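Here's the structure, in structure tokens; my notes come after.
Only the coordinates and a few stated rules stand behind these numbers; no lab work does. Just so we're clear, the structure is a prediction, and the values are computed from it rather than from any experiment. For neighbour counting, all protein chains shown are included, and Cβ atoms are generated from backbone atoms with ideal geometry for every residue, glycine included.
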Amino acid sequence: MPEARGTPYSKGLNSDQQLIIQDDFTQQRESIKIMENELKQLIIDALALEDISVADIDSHAPLFNDGLGLDSIDALELGLAIRKKYQVKIDAEKEDVVKIFSSVSTLADYIQSVQDLRAHEQS
């Protein structure tokens with residue numbers, strides 16, 4: 001969600017409502033950043049990448065090929081680790097699986113969206 005102030009999302013809202021939207025946006029971004037760091041550590045641990053630290057992994061860099069250099073076996077292991085930690089299954093047959101696994105950032109966004117959907121369904 002874009003910043004609330006000065007955007008179409010803020011039109012017709014009073015300043016208190018704009019602050020609430022801004023706070024929600026800020027909390028959501030912080031939550032994603034935390035998850036990205038957790039995922040980086042999960043990648044390091046699950047794939048036994050001893051020479052790499054969390055700081056070495058760019059959230060937006062590709063995980064495969066020219067980026068971190070992971071392969072299909074790594075993707076399977078990472079998928080299992082994500083399922084175990086976050087209770088989120090990423091189906092290899094899913095047509096957007098390549099996009100989901102394209103970077104730490106896209107993984108975090110996907111996991112967050114599944115968790116948000118679950119929370120919404122439970123309420």
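Hey, if you drop one equal point scatterer on each alpha-carbon of the range 20-123 and run the Debye formula without solvent, what base-10 log of I(q)/I(0) do you get at q = 0.16, 0.21 Å⁻¹? The computed values of log10 I(q)/I(0) come out as -0.70, -1.16.
Amide H to amide H, with H built 1.01 Å from N, Phe64 comes under 5 Å of Gly69, Leu70, counting only residues 5 or more places away or on other chains.
Here the Karplus curve 6.51 cos²θ - 1.76 cosθ + 1.60, taken at θ = phi - 60°, turns the phi angles of the range 56-72 into couplings of 6, 9, 7, 4, 9, 6, x, 7, 10, 6, 5, x, 6, x, 6, 10, 5 Hz, with x standing for Gly and Pro. Highest mean packing first, where packing is the average number of other Cβ atoms within 10 Å per residue, the peptides 51-61, 67-77 line up as 67-77, 51-61.
Karplus-derived 3J(HN,Hα) values for the range 30-38, using 6.51 cos²θ - 1.76 cosθ + 1.60 with θ = phi - 60°, are 5, 4, 5, 4, 4, 5, 4, 5, 4 Hz; glycine and proline are entered as x.
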